[in-house]
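Written out below as structure tokens is the structure these notes cover.
The values are calculated or read from the model by the stated rules, or taken from the named source; none is laboratory data. Since we're looking at a predicted model, the values are computed, not measured. Here the Cβ positions follow ideal geometry from the backbone for every residue, glycine too, while neighbour counts run over all protein chains shown.
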């Protein structure tokens, strides 16, 4: 079984909370266990912080220790499509991260920010085990903010091992500025293509740009993924480029992941 599964909330595909609920339920082992399921990621511009905290708190109580939460700026062109683009995405992310985490921690929140307003709000049912909240970000200022405020960072596809080292450096700068000494979880979404062209078909033409782990066999691709871990990635989320998505994931579980975990 995989250690983690991450759902994607991209406009206009599928809602994040409904996907989280379905995957958590489907992977429950009946004894309170199962893989961690990540929300990767909730766009701050169309997620009210109090409502988001309520949803995550409910799932964290239903499935203790199995929820990983993520909040990001949202793709700005998509946010413009739905009338939710803001002048300062960094400020909105700052305010959203702060309020959501405080609410999940059981605090009573009274803030009047530039974008986020909560007048004396406190969750009636805060989770006994609050989920870690990561920031899904890319830019230097956002990575610095993630280090200062969030419990982790989620990086999108296309980051090379050198990119991961630089991102970790910027995150650590933010952590130092906030005097944080707790753990900070770095999750890296990684595009990969591994296998026989005849079996999986060619990579799709719209595969994300940037670095990817691509090779004809698990023995070639696995060391590339281990480079990401050596560079500072705590979790690697595999995103197959193959047209046959299901077959590619089955192949990864059976042949690729064991080589990454036990070279």
- Starting from residues that are more than 20 Å from residue 6 (Cβ to Cβ) and in contact (Cβ under 8 Å) with a residue 24 or more places away in the chain, keep the ones in the stretch 162-175 and report whichever is surrounded by the most Cβ atoms within 10 Å (Cβ to Cβ). 174
- Scanning for something surrounded by fewer than 22 Cβ atoms within 10 Å (Cβ to Cβ), touching a residue at least 60 places away in the same chain (Cβ under 8 Å), touching a helix residue (DSSP H, G or I) at 6+ places or on another chain (Cβ under 9 Å) and not in a helix (DSSP H, G or I), does the stretch 140-155 turn up at least one residue? no
- Message: With the structure loaded, tell me whether residue 23 is crowded, with 21+ Cβ neighbours inside 10 Å, modelled with pLDDT of 95 or more, in a helix (DSSP H, G or I) and under 16 Å from the mean Cα position of the chain (by Cα) or whether it fails that test.
- Response: no
- Message: Tell me yes or no: at least one residue of the stretch 44-66 is in contact with a strand residue (DSSP E or B) (Cβ under 8 Å, 6 or more places away or on another chain), under 19 Å from residue 148 (Cα atoms) and free of Cβ contacts under 8 Å to residues at least 24 places away in the same chain.
- Response: no
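Here's the yes/no breakdown for (1) in a loop (DSSP other than H, G, I, E, B); (2) over 25 Å from residue 143 (Cα atoms); (3) at pLDDT below 95; (4) over 18 Å from the mean Cα position of the chain (by Cα):
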| residue | (1), (2), (3), (4) |
| --- | --- |
| 10 | yes, no, yes, no |
| 31 | yes, yes, yes, yes |
| 37 | no, no, no, no |
| 61 | no, yes, no, yes |
| 70 | no, no, no, no |
| 87 | yes, no, no, yes |
| 97 | no, no, no, no |
| 102 | no, no, no, yes |
| 111 | no, no, no, yes |
- Subset of the stretch 113-139, residues in contact (Cβ under 8 Å) with a residue 60 or more places away in the chain, in a loop (DSSP other than H, G, I, E, B) and more than 17 Å from the chain's Cα centre (by Cα), comes to 116, 123, 125, 126, 127, 128, 129
